[in-house]
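Since the structure comes first, as structure tokens, the remarks are kept for the end.
The values are calculated or read from the model by the stated rules, or taken from the named source; none is laboratory data. Every value quoted in this text rests on a predicted model; they were computed, and no experiment measured them. Please note: Cβ atoms are built from the backbone with ideal geometry, for glycine as well, and neighbour counts cover all protein chains shown.
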Amino acid sequence: PLEQHMHDEL
Amino acid sequence: MNIFRFAGDMMHLTSILVLLLKIYATKSCSGISLKTQELYALVFLARYLDLFTDFISVYNTIMKLVFIVSSTAIVWCMKRDRVVRRSYDKQLDTFRHYFLLAASFALALLVNEKFTFQEIFWAFSIYLEAVAILPQLVLLQRSGNVDNLTGQYVFFLGAYRAFYILNWIYRYFTETHFSRWIACISGLVQTALYADFFYYYYISWKNNTKLKLPA
């Protein structure tokens, strides 16, 4: 799962 | 990725294509705010610093590159292209965008997810994007008459924001740990700025008349 601080939106 | 997020991204892409089409087909950028375009280029450059550090998907990487390249190309064209730059409404595009820059950066220093270089620039880009449309809206209001492509450009930008809100609502209900209040609150502010424009866009569409904003 993505970590909290990674931003997966553009 | 859900359908709302994808639809939002496609609307965003469409808005940029409409703008490029307008500039290339008509060789004119009248009605387009250079200040808004400069702010958007800065938004993408500041936000996608993570291109070098985090990999999310091929889709994300390609879209990020497309946004950076297209937004800087638009700014370059409006400033440097011999023909295009003559049609720039400089005297109408007087919004003091440096205030937006300074305020967004100050807010990013105060409100961020983590006090690191990348996170501060990410928050800065989110805040700046929320208000970057203001010089464009002011320019449209001042010029009164809005040509079709410019109207569609702003319409697609607003539609992109609306789909992102649906995307967040969807994620809120489907993901267990969805909390991104910085992006959501800024996104709501940004979308609210379009409400007035959407109203007049709807009226002109319903009556099949040219889009005209009240002075």
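Looking at segment B:182-204, which of its residues are small (Gly, Ala, Ser) and within 23 Å of A:ASP8 (Cα to Cα)?
B:ALA183, B:SER186, B:GLY187
Restricting the first residue to segment B:132-150 and requiring it to be acidic (Asp, Glu), which pairs with a second residue that is part of a helix (DSSP H, G or I) meet a Cβ separation below 8 Å and a spacing of at least six or different chains?
Within 8 Å, the pairs are B:ASP147/B:LYS22.
Among the residues of segment B:42-63, which ones are in a helix (DSSP H, G or I) and surrounded by fewer than 20 Cβ atoms within 10 Å (Cβ to Cβ)?
Selection gives B:LEU45, B:LEU49, B:ASP50, B:LEU51, B:PHE52, B:VAL58, B:TYR59, B:THR61, B:ILE62, B:MET63.
Can you tell me which residue is nearest to the other protein chains (Cβ to nearest Cβ) among those in segment B:18-27 that are over 16 Å from B:THR72 (Cβ atoms) and surrounded by 18 or more Cβ atoms within 10 Å (Cβ to Cβ)?
B:VAL18
What are the residues in segment B:164-186 that are touching a residue at least 60 places away in the same chain (Cβ under 8 Å) and either within 15 Å of B:VAL131 (Cα to Cα) or of a type in the set (Gly, Ala, Ser) (or both), if any?
Residues satisfying the conditions are B:ILE182, B:SER186.
So which helices (runs of 4 or more DSSP H) stay within segment B:93-146 end to end and still have 1 or more residues that are under 18 Å from B:LEU39 (Cβ atoms), modelled with pLDDT of 95 or more and more than 17 Å from the chain's Cα centre (by Cα)?
Per the criteria, B:97-110, B:117-131.
In segment B:174-186, which residue that is in a helix (DSSP H, G or I) and more than 12 Å from B:ASN2 (Cα to Cα) is nearest to the other protein chains (Cβ to nearest Cβ)?
Ranking the qualifying residues of segment B:174-186, first place goes to B:ALA183.
In this structure, is B:ILE56 touching a Leu at 6+ places or on another chain (Cβ under 9 Å), among the hydrophobic types (A, V, I, L, M, F, W, C), within 11 Å of another protein chain (Cβ to nearest Cβ) and without any contact (Cβ under 8 Å) to a residue 24 or more places away in the chain?
Yes: the conditions hold for B:ILE56.
Could you tell me whether any residue of segment B:153-173 is under 20 Å from the mean Cα position of the chain (by Cα) and not in a helix (DSSP H, G or I)?
Scanning segment B:153-173, I find no residue that is under 20 Å from the mean Cα position of the chain (by Cα) and not in a helix (DSSP H, G or I), so the answer is no.
Residues of segment B:166-193 being of a type in the set (A, V, I, L, M, F, W, C), within 26 Å of B:GLN141 (Cα to Cα) and surrounded by 16 or more Cβ atoms within 10 Å (Cβ to Cβ), which ones?
Residue satisfying the conditions is B:LEU193 alone.
Taking only pairs six or more apart or across chains, which ones have beta-carbon atoms under 9 Å, a first residue in segment B:59-76 that is at the interface with chain A (Cβ under 10 Å from one of its Cβ atoms) and of a type in the set (A, V, I, L, M), and a second residue that is crowded, with 18+ Cβ neighbours inside 10 Å and not in a helix (DSSP H, G or I)?
Here the result reads B:MET63/A:LEU10, each pair linking segment B:59-76 to a residue that is crowded, with 18+ Cβ neighbours inside 10 Å and not in a helix (DSSP H, G or I).
Rundown of residues vs (1) of a type in the set (Asp, Glu); (2) surrounded by fewer than 21 Cβ atoms within 10 Å (Cβ to Cβ); (3) under 15 Å from B:ASP196 (Cα atoms), yes/no style:
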| position | (1), (2), (3) |
| --- | --- |
| B:LEU100 | no, yes, no |
| B:LEU110 | no, yes, no |
| B:LEU139 | no, no, yes |
| B:ARG142 | no, yes, yes |
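Just the residues that are farther than 15 Å from B:GLN136 by Cα and part of a loop (DSSP other than H, G, I, E, B), please, taken from segment B:64-92.
Correct list: B:ASP81, B:ARG82, B:VAL83.
Name every residue in segment B:86-109 that is touching a residue at least 60 places away in the same chain (Cβ under 8 Å) and more than 29 Å from B:ILE120 (Cβ to Cβ), in order of residue number.
Within segment B:86-109, B:SER87 is the sole residue that qualifies.
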